[in-house]
Amino acid sequence: MSTPSPLHDIHAGLGAMFTDFAGCSMPVRYGGELAEHRAVREAAGLFDLSHMAEIEVAGPEAGPALDYALVGHLSAVRVGRARYTMLCHSTGGVLDDVVVYRLAERRFMVVANAANAAVVASELRGRADRFAAEVTDRSSEYALIAVQGPRSAEIVAAVTDADVSALPYYGSTLASVKGHELLLARTGYTGEDGFELYCSVAAAEGVWQALAEAGEPHGLLPAGLACRDTLRLEAGMPLYGNELHLSVTPFEAGLGRVVKFEKPGEFVGRTALAARRDAGPQRVLTGLSGTGRRAARHGYAVLSPDGARVGEVTSGALSPTLAKPVAMAYLPPELSEPGTRLAVDIRGRIEPVEAVALPFYQRST
Amino acid sequence: MSVLKNLSYTEDHEWLDLDGDVATVGITQHAAEALGEVVFVQLPSVGERVAQGDVCGEIESTKSVSDLYAPATGEVLEMNDSTVETPELINSDPYGKGWLFRVHVEEVPDLLDAEAYAALVEGRA
């Protein structure tokens with residue numbers, strides 16, 4: 001039995017179709033995922049992401065504890081700012097990718113993927129053990145609502161007292177929406193400008209309704225997890241379980257920049273990650289672009305021109321924005337150069353694809 | 001969810017509109033909704049003989065790929081070109097413009113009536 005979102009009744013009233021996602025029943029789509037995808041690219045989409053995990057790390061040594069536990073340099077992040085970073089195993093393998101918000105000098109919030117909530121909480125607890133820092137899983141206290149798309153700043157500005165235009169990308173601030181105190185952050189995972197609102201479970205319906213009403217004249221649509229997946233794929237963003245898992249390091253995923261070797265002190269995975277950096281990855285995350293309408297999907301084989309199996313697709317879809325099939329796959333570096341001609345095995349049919357630079361889609365700013 | 005009274009159904013969520021020994025075939029609204037938005041359809045060719053229960057095509061949505069099963073044995077008489085060109089017709093009008101193909105049925109198979117199919121999708125069967 002999966003746990004319903006605090007917004008379940010609203011979704012049901014909107015005719016949502018639900019899916020079980022890491023033990024949570026979440027809306028996968030309302031009307032159609034293509035219209036929802038388009039709304040996020042051209043106007044705005046309203047997402048319920050309450051399944052995400054919020055883990056607080058607080059105390060005099062919260063910063064150093066996170067510097068040790070994660071690959072990023074979190075103690076250097078200013079209050080009111082956030083960082084995308086990773087929790088790695090001592091082998092260098094990725095346990096999760098997370099966004100860390102510095103809420104106060106001695107208080108951080110680590111937002112983890114729902115499926116990894118237990119692992120992240122327990123790893124953080126173990127790794128923070130030797131520091132004066134307390135790790136508390138607050139996931140059940142929070143609802144998370146995201147507004148994503150080019151019109152999102154106007155929509156959020158209409159419902160809050162916060163100075164939205166002054167909020168930088170990856171910045172956060174306390175704000176009030178309809179009398180509900182919440183954390184407003186300019187973050188997201190769609191490749192568009194957007195905001196994420198962390199509010200109490202009790203405030204969730206009020207906050208959602210306020211955003212839905214303010215967004216209507218702007219063309220905002222409620223948007224489900226189906227379009228969130230095609231949006232992040234077009235934006236070349238890795239998804240845990242597809243592109244990221246224990247047997248890849250940030251270097252294979254093209255995200256070596258998140259590993260801050262220059263930060264002070266030891267951190268979990270440093271030795272293995274330094275070795276991987278120096279040796280260079282054996283395979284790298286590569287964009288593949290095809291023709292026609294048939295998409296290569298997770299697990300399909302990538303073939304070299306002579307038919308040899310050279311890798312496997314991690315994510316793939318017919319790109320709603322680009323109207324062609326796109327995919328990501330781990331390939332040997334020499335085959336990942338843009339322009340390299342490859343093929344994918346789509347259920348026995350060999351379709352040509354070309355390696356391209358990621359992301360597939362980048363918003364014009 | 002709509003199930004039309006005048007149609008026959010299979011457990012693979014296809015519908016058949018039988019007119020003598022010619023059946024028009026499509027997928028049900030329930031199937032279309034479960035698939036998500038259809039972006040690609042591959043149908044059997046005209047003149048091809050399909051056998052009941054065999055895979056005769058493919059329906060691909062934004063999120064998944066599903067096989068299309070032949071609901072009856074016989075020769076394919078016609079395929080719906082507009083559905084191939086505009087696969088979203090399967091979502092917008094699954095029992096109408098989104099029909100898939102017509103088959104000359106050699107022997108009418110065991111099919112579900114509307115009530116039995118509705119029971120199947122509601123988990124009552």
Values of log10 I(q)/I(0), in the order q = 0.16, 0.24, 0.26 Å⁻¹, for the range A:227-297 under a Debye, Cα-only, solvent-free model: -0.68, -1.17, -1.28
Shielding by partners, peptide B:58-65 (average Cβ within 10 angstrom, other chains): 6
Over the range B:8-121 - Rg/Rh using Cα atoms and the Kirkwood inverse-distance radius: 0.93
CD proxy at 222 nm, helix term only [per DSSP H run n ≥ 4: -39500 (n - 2.57); per residue of chain A; nearest 500]: -6000 deg cm²/dmol
DSSP loop trypsin sites (Lys or Arg not before Pro) with at most 11 other Cβ within 10 Å: longest gap in chain A: A:131-365
Footprinting exposure proxy for A:TYR198, A:TYR240 (fewest neighbouring C-beta atoms within 10 Å first): A:TYR240, A:TYR198
Quotient of C-alpha Rg and 2.2 N^0.38 Å, computed over the range A:1-280: 0.98
Euclidean distance between Cα centres, the range A:108-132 to the range A:297-365, Å: 34 Å
Whichever lysines have a C-alpha closer than 24 Å to that of B:LYS5, once near sequence neighbours (fewer than 8 apart) are set aside: B:LYS97
Within the range B:1-96, trypsin sites (Lys or Arg not before Pro) in DSSP loop having at most 11 other beta-carbon neighbours inside 10 Å: B:LYS5
Listed peptides A:321-333, A:156-168 by packing density, highest first (mean Cβ within 10 Å): A:321-333, A:156-168
Rounded to whole Hz, the Karplus (6.51, -1.76, 1.60) HN-Hα couplings of the range A:193-200, x for glycine and proline: 4, x, 9, 10, 10, 9, 10, 6
Shielding score for A:344-356, defined as the mean number of other chain Cβ atoms within 10 Å: 1
Geometric extent, Cα atoms of the range A:282-365 - Rg, Dmax (angstrom): 11.8, 41
Gaussian network model of chain B, Cα within-10 Å springs - most flexible of B:SER92, B:SER45, B:SER64: B:SER64
Directionally averaged projected area (convex hull, Cα atoms, the protein assembly as shown), nm²: 24.8 nm²
Rg over Rh, two decimals, the range B:60-125 (C-alpha only, Kirkwood Rh): 1.00
Check: the range A:67-129 dipole with +1 on Lys, Arg Cβ and -1 on Asp, Glu Cβ, in debye: 300 debye
Rounded to the nearest 20 debye, dipole of the range A:1-280 from Cβ charges on Lys, Arg, Asp, Glu: 780 debye
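Where a number appears in this text, it was derived from the coordinates with a stated rule and is not lab data. Source: prediction; values computed, not measured. Every residue, glycine among them, receives a Cβ derived from its backbone with ideal geometry; neighbour counts consider all protein chains shown.
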